[in-house]
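Just below is one structure, and these are the notes that go with it.
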Amino acid sequence: MLWGLLRRQVAPYRALFAVVAVLQVISTLATLYLPTVNAAIIDDGVTQGDLKRIAHLGAVMLAVTALQVVCAVGAVYFGSRASMSVGRDLRSAIFHHVTGFSAEETARFGAPSLLTRTTNDVQQIQLLVQLTCTMLITAPIMSVGGIAMAIHQDAGLSWLLLVSVPVLAVANYWIVSHLLPVFRRLQRQIDGINRVMREQLTGLRVVRAFAREPFERNRFAEANHALADTALEAGRWQALMLPVTTLVINVSSVALIWFGGLRIDEGRMQVGSLIAFLAYFMQILMAVLMATFILVIIPRASVCAERITEVLDTRPAIASPPAAVSPTRIAGEIRFDAATFSYEGADRPVLQEVSLTVPPATTTAIVGSTGSGKSTLVSLVCRLYDVTAGSIRIDGIDVREFDIERLWSAIGLVPQRGYLFAGTVAENLQLGAAAGHVATEAEMWAALRVACADDFVGGHPDGLGLRVAQGGMNLSGGQRQRLAIARAVIRRPAIYLFDDSFSALDVHTDARVRAALAEASTGATVLIVSQRISTVAGADQIVVLDDGRVVGAGTHEHLLNSCAAYRELADSQSVAVGEP
């Protein structure tokens, strides 16, 4: 899975990686040649007292060193550039794929996990690519080349390589094999601590309101300690690698000097050759150590690649069909034909065989008790979810047959929670503008007037430049709802969907907004979900839901006389029977 992901992401940068490979090969070959030059200086120059030979070989050594340095620096530069590009592309791919997820896939992964996969997991892949550029090419060339050059210097000591290299490789493999499950657990715990942090920061007001700070501190401490313990466990295994490697290298060096000294005593080896052999021996073991570093990164990168691939391989449940319909004009008729929906894993449907028609250019209100399925009904119209049985049609076309971008462009949705993005009021309003159209200031102020938000925006010194915190946390609930309404109005869509979007408004402001909306939405279809009878009393059609079923439909006066559920709801809000 790791290599498959890397193949896809590395493909656009093959030329850059080829340059890195060439530079690494030249740098490694230069490094391998240096001990041979050094041995020649000792044996042919120092021992013989030949200063001219020493100067000549010294100049060669300096030239080779300069070449090695230039190539090494170039390899690191281009390797870093390539790895950063791979990380950038991978983050972009995840982001664009996740933005196409339906609410179902988003809920299945969870926002904290998706954040971790887009940041921390990608960073591990990026690190692996960078180390691969600088080490993976160098290690095998240095190992094979070092062995060949060492044997060329003196084949009699080569048996030490047959002992030291396998011992070092087996010891490090044993350590790495224990790291994989630890890293898998570590990534899950990073998800966990992100989840706790996100919940605490988002729900900070609730935590303070209920004086739950000690409980939340303990919850964070548990997640933090679990992550720290796992990180320490991984660190202990990694820390064991360096002493083991150092021990093997040092013991091997002592053995090499001992047996090499014996061979020099016997006249079968020169001092320069021993020094060169020792240098090649160190290079070989360092190559094994570099390969070990790669092996340390691979287990964690493999886990991260699995998690990233899981996201990228998840097909969104909500997508445009191959032969998508994209009508140029949408009148706005909405027809529910025995629409049934149940959430995954639920024991019963939320909506059961809902059949109703919302005529174009009319206002239809959906009312009912909590949990009756009102918000779900609206979510099905704009395809946040798809029906599990039956169908929903707009202008006679099943919403599942629409080009999804065309469908969404025809809908102005104001969700139950009017979420605003960090930036300015103008930037948030631009989000609602039709694709390819940049809303003018006049259009923005017109939308704000419809939502009755022009008073607090216009009263601020910055006007449309009023700063909005993430989620609109620096604004009141009513201000957030009004800006969300303005964001939908600025699009002038064919269909308006208001999902309990007036709940934070006082009765007076509610009435003003509805009156302005009635004028602004002339010719559009309006679907309103509300708990407040005064909000829906003037609708052309009111639909009453109870336990996921339609139990009444008609005007306010008709339902007061014919629908017990609606009458109870009206009585609970002290709305006099017969009052329009």
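The values are calculated or read from the model by the stated rules, or taken from the named source; none is laboratory data. Values in this document were obtained by computation on a predicted structure and should not be read as measured data. Here Cβ is always computed from backbone atoms with ideal geometry, including for glycine, and neighbour counts include all displayed protein chains. For the accessible areas, the whole protein counts, side chains as well, though only heavy atoms, and no ligand, DNA or RNA atoms are used. Shrake-Rupley method; radii C 1.70, N 1.55, O 1.52, S 1.80 Å.
Quick one: is Ala426 modelled with pLDDT of 90 or more, part of a helix (DSSP H, G or I), farther than 30 Å from Gly548 by Cβ and of a type in the set (A, V, I, L, M)? Before you say what the answer is, go through the steps one by one.
Working: modelled with pLDDT of 90 or more: yes; part of a helix (DSSP H, G or I): yes; farther than 30 Å from Gly548 by Cβ: yes; of a type in the set (A, V, I, L, M): yes.
So Ala426 passes the test.
Taking the condition of being over 16 Å from Gln416 (Cβ atoms) and either part of a loop (DSSP other than H, G, I, E, B) or modelled with pLDDT under 85 (or both), how many residues in segment 489-523 meet it?
10
Evaluate the following for Leu295: is it out of contact with any Pro (no Cβ under 6 Å at 6 or more places or on another chain), at pLDDT below 80, open to solvent by 40 Å² or more (accessible area, probe 1.4 Å) and under 30 Å from Val122 (Cα atoms)? It would help to see each step written out before you state the result.
Working: out of contact with any Pro (no Cβ under 6 Å at 6 or more places or on another chain): yes; at pLDDT below 80: yes; open to solvent by 40 Å² or more (accessible area, probe 1.4 Å): yes; under 30 Å from Val122 (Cα atoms): yes.
So Leu295 fits the description; yes.
Do we find a residue being over 26 Å from Leu295 (Cβ atoms) and surrounded by 15 or more Cβ atoms within 10 Å (Cβ to Cβ) anywhere in segment 66-73?
Yes.
Given the residues Ile485, Ile528, which is the only one that is outside any helix (DSSP H, G or I) and open to solvent by less than 20 Å² (accessible area, probe 1.4 Å)? Spell out the reasoning first.
Values: Ile485 fails: outside any helix (DSSP H, G or I).
Every option except Ile528 fails the conditions.
Among the residues in segment 418-441, are any of a type in the set (Asp, Glu) and touching a strand residue (DSSP E or B) at 6+ places or on another chain (Cβ under 6 Å)? So that I can check it myself, show each step before the final result.
The first filter runs over segment 418-441 and keeps only residues of a type in the set (Asp, Glu), leaving 427, 441.
Now drop any that are not touching a strand residue (DSSP E or B) at 6+ places or on another chain (Cβ under 6 Å), which leaves none.
No, that holds for no residue.
When the residues of segment 451-482 are filtered to those that are assigned to a helix (DSSP H, G or I) and basic (Lys, Arg), which remaining residue is farthest from Ile411 (Cα to Cα)? Full working, then the answer.
In the first step, residues of segment 451-482 are kept if they are assigned to a helix (DSSP H, G or I); the result is 454-458, 463-465, 470-472, 477-482.
Of the ones still in play, those that are also basic (Lys, Arg) are 480, 482.
Values: Arg480: 20, Arg482: 17 Å.
Going through the qualifying residues, I end up with Arg480.
Looking only at segment 5-36, count how many residues are surrounded by fewer than 17 Cβ atoms within 10 Å (Cβ to Cβ) and over 24 Å from Ala287 (Cα atoms).
Number of matching residues: 6.
Scan segment 531-540 for residues that are in contact (Cβ under 8 Å) with a residue 60 or more places away in the chain and open to solvent by less than 40 Å² (accessible area, probe 1.4 Å) and report the count.
Total satisfying the criteria: 4.
Select from segment 1-43 the residues that are farther than 30 Å from Val129 by Cβ and free of Cβ contacts under 8 Å to residues at least 40 places away in the same chain and list them in ascending order.
Val37
Counting just the residues of segment 133-154 that are open to solvent by 50 Å² or more (accessible area, probe 1.4 Å) and within 38 Å of the chain's Cα centre (by Cα), which one comes out nearest to Val165 (Cα to Cα)?
Pro140
Condition check ((1) open to solvent by less than 50 Å² (accessible area, probe 1.4 Å); (2) in contact (Cβ under 8 Å) with a residue 24 or more places away in the chain; (3) more than 26 Å from the chain's Cα centre (by Cα)) across all residues:
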position	(1), (2), (3)
Arg335	no, yes, yes
Ala339	yes, yes, yes
Thr362	yes, yes, yes
Ile366	yes, yes, yes
Thr388	no, yes, yes
Phe402	yes, yes, yes
Arg417	no, no, no
Met444	yes, yes, yes
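Can you confirm whether segment 265-279 contains a residue that is in contact (Cβ under 8 Å) with a residue 60 or more places away in the chain, of a type in the set (Lys, Arg), open to solvent by less than 50 Å² (accessible area, probe 1.4 Å) and closer than 30 Å to Ile141 by Cα? Show your work before the answer.
Just the residues of segment 265-279 that are in contact (Cβ under 8 Å) with a residue 60 or more places away in the chain, to begin with: 268-277, 279.
Retained after the next criterion (residues that are of a type in the set (Lys, Arg)): 268.
In the following step, the residues that additionally are open to solvent by less than 50 Å² (accessible area, probe 1.4 Å) were identified as none.
Taking every residue of segment 265-279 in turn, none turns out to be in contact (Cβ under 8 Å) with a residue 60 or more places away in the chain, of a type in the set (Lys, Arg), open to solvent by less than 50 Å² (accessible area, probe 1.4 Å) and closer than 30 Å to Ile141 by Cα.
Residues that are more than 29 Å from Asn250 (Cβ to Cβ) and not hydrophobic (A, V, I, L, M, F, W, C): does segment 164-184 have at least one?
So far as segment 164-184 goes, yes, one or more of its residues are more than 29 Å from Asn250 (Cβ to Cβ) and not hydrophobic (A, V, I, L, M, F, W, C).
Among the residues of segment 183-205, are any within 22 Å of Met290 (Cα to Cα) and either part of a helix (DSSP H, G or I) or out of contact with any Gly (no Cβ under 7 Å at 6 or more places or on another chain) (or both)?
First pass over segment 183-205, keeping only residues within 22 Å of Met290 (Cα to Cα): 183.
Filter again for either part of a helix (DSSP H, G or I) or out of contact with any Gly (no Cβ under 7 Å at 6 or more places or on another chain) (or both), leaving 183.
Within segment 183-205, one or more residues are within 22 Å of Met290 (Cα to Cα) and either part of a helix (DSSP H, G or I) or out of contact with any Gly (no Cβ under 7 Å at 6 or more places or on another chain) (or both).
Considering segment 419-442 alone, what residues qualify as being farther than 24 Å from Ile330 by Cα and either open to solvent by less than 10 Å² (accessible area, probe 1.4 Å) or not hydroxyl-bearing (Ser, Thr, Tyr) (or both)?
Our first condition is that a residue be farther than 24 Å from Ile330 by Cα; within segment 419-442, this holds for 419-428, 440-442.
Passing the criteria: Leu420, Phe421, Ala422, Gly423, Val425, Ala426, Glu427, Asn428, Glu441, Ala442.
Can you find, within segment 37-59, the residue that is most open to solvent (accessible area, probe 1.4 Å) among those that are modelled with pLDDT of 80 or more and out of contact with any helix residue (DSSP H, G or I) (no Cβ under 6 Å at 6 or more places or on another chain)?
The selected residue is Lys52.
For the structure I just gave you, tell me whether Gln200 is in contact with a helix residue (DSSP H, G or I) (Cβ under 7 Å, 6 or more places away or on another chain) and open to solvent by 40 Å² or more (accessible area, probe 1.4 Å).
Details: in contact with a helix residue (DSSP H, G or I) (Cβ under 7 Å, 6 or more places away or on another chain): yes; open to solvent by 40 Å² or more (accessible area, probe 1.4 Å): no.
Taking the combined requirement at face value, the residue does not satisfy it.
Just the residues that are without any contact (Cβ under 8 Å) to a residue 40 or more places away in the chain and open to solvent by 10 Å² or more (accessible area, probe 1.4 Å), please, taken from segment 447-462.
The answer is Asp454, Asp455, Phe456, Gly458, Gly459, His460, Pro461, Asp462.
I'd like the full set of residues that are polar (S, T, N, Q) and over 19 Å from Tyr385 (Cα atoms), limited to segment 350-365.
Matches in segment 350-365: Thr357, Thr362, Thr363, Thr364.
With the condition kept exactly as written, say whether any residue in segment 236-258 is crowded, with 17+ Cβ neighbours inside 10 Å, touching a residue at least 12 places away in the same chain (Cβ under 8 Å) and among the polar types (S, T, N, Q).
Scanning segment 236-258 turns up at least one residue that is crowded, with 17+ Cβ neighbours inside 10 Å, touching a residue at least 12 places away in the same chain (Cβ under 8 Å) and among the polar types (S, T, N, Q).
Check every one of the helices (runs of 4 or more DSSP H) wholly within segment 97-170 and list those with 3 or more residues that are within 30 Å of Ser379 (Cα to Cα) and of a type outside the set (Ser, Thr, Tyr). So that I can check it myself, show each step before the final result.
On the way: elements: 103-109, 111-116, 122-131, 138-153.
In segment 97-170, the matching helices (runs of 4 or more DSSP H) lie at 103-109, 111-116.
Inside segment 54-90, can you point out the residues that are of a type outside the set (A, V, I, L, M) and without any contact (Cβ under 8 Å) to a residue 12 or more places away in the chain? Even if it seems obvious, please write down each step before you answer.
If we filter segment 54-90 for residues that are of a type outside the set (A, V, I, L, M), which is where we start, we get 56, 58, 65, 68, 71, 74, 77-81, 83, 85, 87-89.
Residues satisfying the conditions are His56, Tyr77, Arg88.
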